[in-house]
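> Got a structure for you, written out below as structure tokens; questions coming shortly.
The values are calculated or read from the model by the stated rules, or taken from the named source; none is laboratory data. Just so it is clear, the model here is predicted, and its values are computed rather than measured. Because the Cβ atoms are built from the backbone with ideal geometry, glycine has one as well, and the counts that use them run over all protein chains shown.
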């Protein structure tokens with residue numbers, strides 16, 4: 001059964017799953033799909049080609065699917081796809097993709113997006129991601145699973161944030177962040193590994209020890225990054241977490257890798 005408040009405006013062409021609840025003064029456009037159990041609490045606007053996965057919960061004044069904030073967007077029918085069991089708090093904005101970025105903005109499952117979060121066009125956000133109050137992603141940002149982005153952090157367009165990384169609050173992130181990395185600062189620098197997050201997610205003491213050793217080798221002062229990558233890959237080829245970091249750094253990217261401050265490798 002679908003429960004639509006009499007003050008809500010829901011287009012007849014919108015697709016609503018079982019148990020959907022649309023609260024007071026919400027607006028749902030014709031190309032929107034709300035899967036089973038989605039709840040729009042009140043004053044929520046969902047338009048465009050937007051899909052919200054099952055059991056999602058959206059709080060007042062969130063704006064989902066409105067045109068991207070991009071001068072290159074010309075009305076193409078791009079999409080915003082949000083996974084299952086996501087919590088989207090007050091005043092969150094998420095924009096669909098553009099032709100120049102693959103036409104899709106996607107958000108994975110089990111995400112928590114706190115007050116005022118902004119996810120721009122063509123971002124790809126993984127599952128189990130937490131973004132704290134007023135954290136912002138520029139266009140084309142890639143965020144891996146289990147990443148945490150602190151309050152008021154701003155991530156530059158085209159930046160990649162690896163799985164299990166943590167971005168400190170108030171950080172300006174202009175460079176790619178390695179998996180499991182911890183970055184912070186007005187112009188964010190790598191400050192070690194997200195050890196607290198790794199422990200919470202069940203990584204063993206041995207796994208963390210090996211990652212720390214590999215991290216120090218990768219960001220040592222001796223040799224070039226290419227040489228250090230080759231050495232770490234040879235030493236830890238059988239270790240999946242370490243190879244996650246190695247492979248992330250080796251991928252071609254428009255942004256450099258976020259580095260520790262000079263002379264410091266954590």
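> Filtering segment 176-188 down to residues that are within 22 Å of residue 133 (Cα to Cα) and buried (at least 19 other Cβ atoms within 10 Å of the Cβ), which residue is modelled with the lowest pLDDT?
188
> Which of the residues that make up segment 196-210 are buried (at least 16 other Cβ atoms within 10 Å of the Cβ) and out of contact with any strand residue (DSSP E or B) (no Cβ under 6 Å at 6 or more places or on another chain)?
Selection gives 198, 203, 207, 208, 210.
> As an exercise: evaluate residue 73 against (1) within 17 Å of the chain's Cα centre (by Cα); (2) over 21 Å from residue 143 (Cβ atoms) and give the number of the one condition it does not meet.
Single failed check for residue 73: (1).
> A further question follows. If I go through segment 148-203 residue by residue, how many of them are assigned to a strand (DSSP E or B) and within 18 Å of residue 123 (Cα to Cα)?
Looking only at that region, the number is 12.
> If a residue must be over 14 Å from residue 213 (Cβ atoms) and assigned to a loop (DSSP other than H, G, I, E, B), how many such residues does segment 239-266 contain?
12
> Got at least one residue in segment 222-230 being assigned to a loop (DSSP other than H, G, I, E, B), surrounded by 18 or more Cβ atoms within 10 Å (Cβ to Cβ) and out of contact with any strand residue (DSSP E or B) (no Cβ under 8 Å at 6 or more places or on another chain)?
no
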